[in-house]
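First comes the structure, then the notes that go with it.
The values are calculated or read from the model by the stated rules, or taken from the named source; none is laboratory data. Since the structure is predicted, the reported quantities are computational estimates derived from the model, not experimental observations. All Cβ positions, even for glycine, are placed from backbone atoms using ideal geometry, and neighbour counts span all protein chains on display. Accessible surface areas use protein heavy atoms only, side chains included; no ligands, DNA or RNA. Shrake-Rupley method; radii C 1.70, N 1.55, O 1.52, S 1.80 Å.
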Amino acid sequence: MSKVAQFPNARQIEVEACAWIAQLDGNTPSQEDLTAFREWISRSPRHAREIKRLSALWSDLNIMTELAVPVKDNLKTVSDKLLLRGAVCALVVVLSIAETVFYFRPQTPAAALNVLYSTRIGEQKPATLADGSKVLLNTDSRIQVDYGAQQREVHLLQGEAYFEVAHNAKRPFLVYAGANIVRAVGTAFTVYLKKQDVEVVVTEGTVEVSAAANGNGGPAAKNLIKPTTKLADIKAGQRAAFNQEVESIHSVMPLEIKRKLSWREGVLSFSGEPLDQVVAEVSRYTPVTIVISDPAISNIRIGGYFKVGETEALLEALETSFGVRVNRVNDKLVYLAAK
């Protein structure tokens, strides 16, 4: 994927300004709308100049004036020209369609801003997004945030993330993961991408899972207007696995969800999982390669709490409490066998 930044042209900025006016004019904006609009205004002097230029034609922009004051001078308002306002916005969109030939979805305020968050192996990292939504990235994870005036998009490129979504019914929150889309309005949930398989655990509210039209959750998915195939609604207290089709949906007890998501507190919790599953999970948090060289011990049931990244503590527990022989070949390779 190219890392060269693409700067919006004058036509794109004009369309974005129209989109903001259409969204905010005549409505009571939410706090999320105001935050996103301020972010768009402050991102470039060209944005503020375009709003100021359009204010010479469009009236009833008092709310725009108030929002832009911290960034630019007060905007001049004029007499009511509602018909002209609608006509000009329509003309801008029509011209953009003609120029691009393709079906046009207006470039949204954050379309030119690709914010990438990532974590190293063994690291968790919190972030607060522009609308107030919160995300916590788990180990070795990457997300790309692309917020717009009409919807909020996050692309889970790798790993796992926990989302607490700020409520905004006008701007749905979409998480693209593998060949799937998780849609929320105001809720809390985790999304874990394992190659193309996706696991979702919902802790609050409800999310809608759909299959992506282009079959992947990468950057190309940003061109989608909307998901094409709804798969299921996942409610609070449920855990689901899917890959373009639902593989399973299970209700999970609160204690089990807390254990499953204990990584948010920097702890890995096990309660009777077989050793091979424990090794697979622990391996996500360490650069050390752990190999079960003796298949006879793969199904030993493991229980306990281990701090994220403290692989040695787990190895010592296996030796002292579970009858496992640990062969430390070097600082990057460990073999496990029966004593």
The stretch 129-156, residues that are surrounded by fewer than 19 Cβ atoms within 10 Å (Cβ to Cβ) and under 11 Å from the mean Cα position of the chain (by Cα): K134, R142
Test each condition in (1) within 30 Å of E208 (Cβ to Cβ); (2) loosely packed, with under 15 Cβ neighbours inside 10 Å for I257 and report the one that comes out false. (2)
In the stretch 301-339, what residues are of a type in the set (D, E), surrounded by 15 or more Cβ atoms within 10 Å (Cβ to Cβ) and modelled with pLDDT of 90 or more? none
Restricting to the stretch 160-177, and then to whatever is among the small types (G, A, S) and at pLDDT 90 or above, can you tell me which residue is most open to solvent (accessible area, probe 1.4 Å)? A166
